[in-house]
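The values are calculated or read from the model by the stated rules, or taken from the named source; none is laboratory data. Predicted model only: the values in this text are computed from it and were never measured. Note: ideal-geometry Cβ built from the backbone for every residue, glycine included; neighbour counts use all protein chains shown.
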Amino acid sequence: MTSGIVVTDKLTKRYGEHTAVDAVSLTVRAGEVYGFLGPNGAGKTTTLRMLTGLVRPTSGSATLFGRSPGNSAVAARTGVLIEGPGFFPYLSGRDNLRVLSRYRRLPDDAAEAALHRVGLRERGHDRFRTYSLGMKQRLGVAAALLGEPDLLILDEPTNGLDPAGMAEMRELIVELAHSGHSVLLSSHMLSEVQEICDRVGVISRGELIAQSTVAELRGDTSLLVRADPRERAAAVLAELLGHDVVDTVGDALTLAVSPDLAPKVARVLVDAGIDVHELARRERSLEDVFFDLTSDVTAGDHTSNDARRVS
Amino acid sequence: MNAVIASTRAELLRLRKWPSMWVLLAAWIVLNLVFVYLFNYITFATGGTTDMASSAPPDVLLAQMLPSAVPQVFTQGMAMFGGALMLILGALTIGSGYGWGTWKTVFTQGPPRSAALTGTLLALLTVVIGLVLTVAAVDLGVASVVAVAESESASLPAADAMLKALASGVLILGMWTAAGVLVGALARGPALSVGLGLMWVLVVENLLRGVAAVLDPVSVVTDFLPGTAAGSLAGSLRDFGGDTTPGVLNILDGGTSVLLLAGYVAAFALGTVWLVRRRDVN
């Protein structure tokens, strides 16, 4: 089993009567890209702030690389971009990174390498205040990359980026993961998370309501069949595959079986003289899962969510 | 220790490139020249016929503008406008970091918060020392020009007097800068901290001293306020007659003023570190 480099145990943050983060227990494993999902105000950023030592938890604990957040040794191995980049507006992008390099006790040329990595080298001499939102975001990622940290904690890194910038950022994160970095990524872009994350945690109203691999959360793929007559098709397929895997949804049938069985299903139906209008692979997107989970919580259905938790 | 040195280097880099800091320092030097030399020289040159006439006779006015008097006069502006400007610098240095979100960025880079803030304080101390040395050099240069123009002695002041004045200047400006740093940390923003700081330096302390003049028990407090200590130290360096510069006082003796100022510097610095360490950064 791979060890967790980020581990939280019932991590909780309360502001007066309001519980922003409620007993969150999550694990990020070495070398994985972990997607941290949740609606606005769900507690994502507060959780990340606790993981970086900016905010102290009310109760519970968190460790990064086995140590407490905010520890200097932890910070040296962690690159952080939390809730937008915070830089000195009167300094150039390059000088901002040089200042941060000095705080990290790195040589000044570390700034140059980070600028190059996010494609800002040409504009490195311009003042930060003249940057577009996307450039500011990229500089934030460059700051997180200073010193080649083992773990990157990125809060909405694609905010403000145009589609090309988003694609570049996605490639960069994948590249970082392939080169051995672990990434804890908070994002609203569910398609992006589905594409690049190994595992995800979903937080809603401060509670971690699901944590699993993307594939497990999305569930098994199934087959969708539109055939005529439908009732006869259902009977034939139930006899072939079993009654419990055939379900009727509107004018179609869904089969909870592997898509590999599609040729066999088609052949049986045709042999039985049934017209097959559509036979398709059906799978839930992460977006479907996300909305299901978060709408369940809104409706107060916590029981079903507990069942989805995977350690 | 390494973290403190690294933080100091980082802060010096960003302060060096901060236009606001240079504007404040330039304003300090210009105001010092205007109040210590320009107005006095105009009064002296016009024979006291201007509305700006001081009660000091011309020979005293001229003596104040000669190089040998620099140790006495160059701290005179520190208790009032000099202190206010340095308080603004301290407040902006800390307060702006909250507005820009740079503390959040800095605190996730590795240095402990206490080391990062100590680095900021040391960088500001470097700025204060640089400013005091620059003002002293500028004052000596201008005073030499006055001496040559008026065919007076251009002999330099005694080294011990100069060193005492320089140390006093660093202590007075350092105290106001540290006060600004604390207010900046308390207010967590530049505008409120500058406003509150200026209210204290320019209004509240003077009002309290006014109250103390008619309500004796209040003087127990007002005699030991930061402005009183700064003004008294500046006043202890002066032995000229005539009106003193606003803010320059003769309430405490030099030794007590030094101790009190050192205490305030330590209290403001430690208070800032304690405050920033214990609070969340949102």
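Some observations on this one:
- Considered as a group, the residues in the stretch A:219-263 that are polar (S, T, N, Q) and buried (at least 16 other Cβ atoms within 10 Å of the Cβ) include one that is farthest from A:Asp275 (Cα to Cα), and that residue is A:Ser222.
- Checking each residue in the stretch B:10-38 for being in a helix (DSSP H, G or I) and either basic (Lys, Arg) or within 12 Å of another protein chain (Cβ to nearest Cβ) (or both) picks out B:Ala10, B:Glu11, B:Leu12, B:Leu13, B:Arg14, B:Leu15, B:Arg16, B:Pro19, B:Ser20, B:Met21, B:Trp22, B:Val23.
- Selection of helices (runs of 4 or more DSSP H) fully inside the stretch B:66-149 by the criterion of at least 1 residues being small (Gly, Ala, Ser), surrounded by fewer than 21 Cβ atoms within 10 Å (Cβ to Cβ) and within 14 Å of another protein chain (Cβ to nearest Cβ) returns B:83-100, B:113-149.
- Strands (runs of 3 or more DSSP E) enclosed by the stretch A:179-239 - at least 3 residues per element that are in contact (Cβ under 8 Å) with a residue 24 or more places away in the chain and not assigned by TED's automatic domain parsing to the domain that holds A:Leu37: A:222-228
- Condition check for B:Gly169: under 20 Å from the mean Cα position of the chain (by Cα) and under 22 Å from B:Gly99 (Cα atoms): no
- The stretch A:135-160, subset surrounded by 21 or more Cβ atoms within 10 Å (Cβ to Cβ) and without any contact (Cβ under 8 Å) to a residue 40 or more places away in the chain, residue farthest from the other protein chains (Cβ to nearest Cβ): A:Thr158
- Across the stretch A:74-95, the number of residues qualifying as buried (at least 24 other Cβ atoms within 10 Å of the Cβ), assigned to a helix (DSSP H, G or I) and within 8 Å of chain B (Cβ to nearest Cβ) comes to 1.
- Scanning the stretch A:123-178 for residues that are part of a helix (DSSP H, G or I) and among the charged types (D, E, K, R) yields a count of 8.
- Every pair of residues 6+ apart whose Cβ atoms lie under 6 Å, when the first sits in the stretch A:43-58 and is facing another protein chain (nearest Cβ under 7 Å) while the second is outside any loop (DSSP other than H, G, I, E, B) and buried (at least 23 other Cβ atoms within 10 Å of the Cβ): A:Thr52/A:Val80; A:Val55/A:Arg49
- Screening the stretch A:59-73 for residues that are within 10 Å of chain B (Cβ to nearest Cβ) and touching a strand residue (DSSP E or B) at 6+ places or on another chain (Cβ under 9 Å) and picking the one that is surrounded by the most Cβ atoms within 10 Å (Cβ to Cβ) gives A:Pro69.
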